[in-house]
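Could you have a look at this structure, given as structure tokens, before my questions?
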Amino acid sequence: MSAVNDTKISSAVFLLTGIPGKEDVHLWISIPFCLIYVISIVGNSVILFIIKKDPRLHEPMYIFLSMLAITDLGISISTMPTILGIYLYNSREISFEACFAQLFFIHSLQSTESSILLLMAFDRFIAICNPLRYSSILTLPRIDRMGLVFVLRSLAVVFPLPFLLKRFQYCHANVLSHSYCLHQEVMKMACSDITVNSIYGLFITFLTIGLDSLLIFLSYVMILKTALSIASNAERLRALNTCVSHLCAVLLFYSAEIGLALIHRYGKGSSPLLQTVLGYMSLLLPPLVNPIVYSLKSRHLRAGIIRALVKCRVSS
């Protein structure tokens, strides 16, 4: 009877996994995760508040930054319930419907973040390569339309994933190697032919992250070419310095994301700990690091945060 019951339970849920071999110290591990989420949510919320309240920050670069902050908030909120549920309450079970919903939000938000990083690269390209037409090219209506197109692209390509997964029968152990649901992992739990899902997942990767990263690379080739043609060393460094924050965000996002995708597809004998670490890096580090880097590198944003803190101190 017990075996029958266990079979019914495993066929109705997936089991999430924390850090392999560290189950006895999950409560202690939860402390840094809680700090990461608090800093990520507060940091991105502060950036959104400052940009909205300060009219001087209603410029293309900061509007794109606010889009990035919203996306990072969405990623943090999407992963927080299952990750903290494992480390705080040892809650590993997640229903099929909740798992499919979570992977939809994770993949669509990651695709959106990739698109926003591309838009930010385009912003730096126009600012450095064609500064005289910067304000006429990046108008607010055009920025809104570009943002909407890329969000719709992300939703459209990721939307079929839950339905493609829902048609399967799941007869394997249903134990996932991450603390959240990803399409490339869930489809491997099916006892059916997953060729369509595998090809479509590869198509999504090339259409979003692959294409965006290529266009970002080409943008920086043109930026570097233009910057090197500037005679003055000081002007050259000042132009390149405006790209540092964006380059940090790009390297942080794509290095972990591409590494995790390669391991899931080709690294069958890879270390489970490496998969776990790369998974956390791809989802938790960008929302944590992006607001810190942009606050440190952007003089106007930093001044806005200081003014807000001074105003709060005076009013209290």
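The values are calculated or read from the model by the stated rules, or taken from the named source; none is laboratory data. Please read all numbers here as calculations on a predicted model, not as lab measurements. Because the Cβ atoms are built from the backbone with ideal geometry, glycine has one as well, and the counts that use them run over all protein chains shown.
Could you say whether any residue in region 236-259 is free of Cβ contacts under 8 Å to residues at least 40 places away in the same chain, closer than 20 Å to Leu155 by Cα, within 17 Å of the chain's Cα centre (by Cα) and surrounded by fewer than 19 Cβ atoms within 10 Å (Cβ to Cβ)?
Within region 236-259, none of the residues are free of Cβ contacts under 8 Å to residues at least 40 places away in the same chain, closer than 20 Å to Leu155 by Cα, within 17 Å of the chain's Cα centre (by Cα) and surrounded by fewer than 19 Cβ atoms within 10 Å (Cβ to Cβ).
Further, regarding this structure: Determine which member of the set Thr82, Thr112, Thr71 is more than 20 Å from Val149 (Cα to Cα), among the hydroxyl-bearing types (Ser, Thr, Tyr) and either part of a helix (DSSP H, G or I) or at pLDDT below 95 (or both).
Testing whether each residue is more than 20 Å from Val149 (Cα to Cα), among the hydroxyl-bearing types (Ser, Thr, Tyr) and either part of a helix (DSSP H, G or I) or at pLDDT below 95 (or both) leaves just Thr82.
So, in region 42-57, of the ones that are in contact with a helix residue (DSSP H, G or I) (Cβ under 9 Å, 6 or more places away or on another chain) and without any contact (Cβ under 8 Å) to a residue 40 or more places away in the chain, which residue ends up farthest from Ile77 (Cα to Cα)?
Lys52
Separate question: Could you check, for region 272-281, whether at least one of its residues is among the hydroxyl-bearing types (Ser, Thr, Tyr) and over 17 Å from Asp123 (Cα atoms)?
For region 272-281, residues among the hydroxyl-bearing types (Ser, Thr, Tyr) and over 17 Å from Asp123 (Cα atoms): present.
If the requirement is being at pLDDT below 85 and more than 30 Å from Gln102 (Cβ to Cβ), which of these qualifies: Gly304, Gly267, Gly259?
Residue meeting the stated conditions: Gly304.
Matching residues to (1) crowded, with 20+ Cβ neighbours inside 10 Å; (2) touching a His at 6+ places or on another chain (Cβ under 9 Å); (3) under 13 Å from Ser295 (Cα atoms):
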residue: Val38; (1), (2), (3): no, no, no
residue: Val46; (1), (2), (3): no, no, yes
residue: Ala69; (1), (2), (3): yes, no, yes
residue: Ile75; (1), (2), (3): yes, no, no
residue: Ile86; (1), (2), (3): yes, yes, no
residue: Asn90; (1), (2), (3): no, yes, no
residue: Ser95; (1), (2), (3): no, no, no
residue: Cys99; (1), (2), (3): yes, no, no
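Now, a different point. Restricting attention to region 148-200, which residues are farther than 29 Å from Ser271 by Cα, in a loop (DSSP other than H, G, I, E, B) and either modelled with pLDDT under 90 or β-branched (Val, Ile, Thr) (or both)?
Within region 148-200, Arg167 is the sole residue that qualifies.
Related question: Scan region 166-173 and tell me whether some residue there is in contact (Cβ under 8 Å) with a residue 12 or more places away in the chain, surrounded by fewer than 16 Cβ atoms within 10 Å (Cβ to Cβ) and among the small types (Gly, Ala, Ser).
yes
I'm told Lys52 meets every condition in (1) at pLDDT below 95; (2) part of a helix (DSSP H, G or I); (3) crowded, with 17+ Cβ neighbours inside 10 Å except one. Can you identify the failing condition by its number?
Just one mismatch for Lys52, condition (3).
Given Arg167, Arg142, Arg153, which one is within 30 Å of Ser229 (Cα to Cα) and not aliphatic (A, V, I, L, M)?
Every option except Arg142 fails the conditions.
Rundown of residues vs (1) among the hydrophobic types (A, V, I, L, M, F, W, C); (2) out of contact with any Cys (no Cβ under 6 Å at 6 or more places or on another chain); (3) under 25 Å from Leu65 (Cβ atoms), yes/no style:
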| residue | (1), (2), (3) |
| --- | --- |
| Thr195 | no, yes, no |
| Ile204 | yes, yes, no |
| Leu251 | yes, yes, yes |
| Gly259 | no, yes, no |
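Answer yes or no: is there a residue in region 105-113 that is touching a strand residue (DSSP E or B) at 6+ places or on another chain (Cβ under 9 Å), surrounded by 16 or more Cβ atoms within 10 Å (Cβ to Cβ) and touching a residue at least 60 places away in the same chain (Cβ under 8 Å).
no
Can you pull out every residue in region 174-193 that is surrounded by fewer than 19 Cβ atoms within 10 Å (Cβ to Cβ), of a type in the set (A, V, I, L, M) and without any contact (Cβ under 8 Å) to a residue 60 or more places away in the chain?
Ala190
Let me ask something additional. In region 18-36, which residues are surrounded by fewer than 18 Cβ atoms within 10 Å (Cβ to Cβ) and assigned to a loop (DSSP other than H, G, I, E, B)?
If the condition is that a residue be surrounded by fewer than 18 Cβ atoms within 10 Å (Cβ to Cβ) and assigned to a loop (DSSP other than H, G, I, E, B), then Ile19, Pro20, Gly21, Lys22 are the ones that fit.
Just checking, which of Leu278, Leu309, Leu284 is part of a helix (DSSP H, G or I), in contact (Cβ under 8 Å) with a residue 60 or more places away in the chain, out of contact with any Ser or Thr (no Cβ under 6 Å at 6 or more places or on another chain) and more than 19 Å from Phe64 (Cα to Cα)?
Leu284
Only residues that are over 20 Å from the mean Cα position of the chain (by Cα) and surrounded by 12 or more Cβ atoms within 10 Å (Cβ to Cβ): list them for region 118-134, please.
If the condition is that a residue be over 20 Å from the mean Cα position of the chain (by Cα) and surrounded by 12 or more Cβ atoms within 10 Å (Cβ to Cβ), then Arg124, Phe125, Ile126, Ala127, Ile128, Cys129, Asn130, Tyr134 are the ones that fit.
Quick one: count up the residues across region 87-113 that are under 18 Å from Ser76 (Cβ atoms) and of a type in the set (Phe, Trp, Tyr).
Of the residues in region 87-113, 3 are under 18 Å from Ser76 (Cβ atoms) and of a type in the set (Phe, Trp, Tyr).
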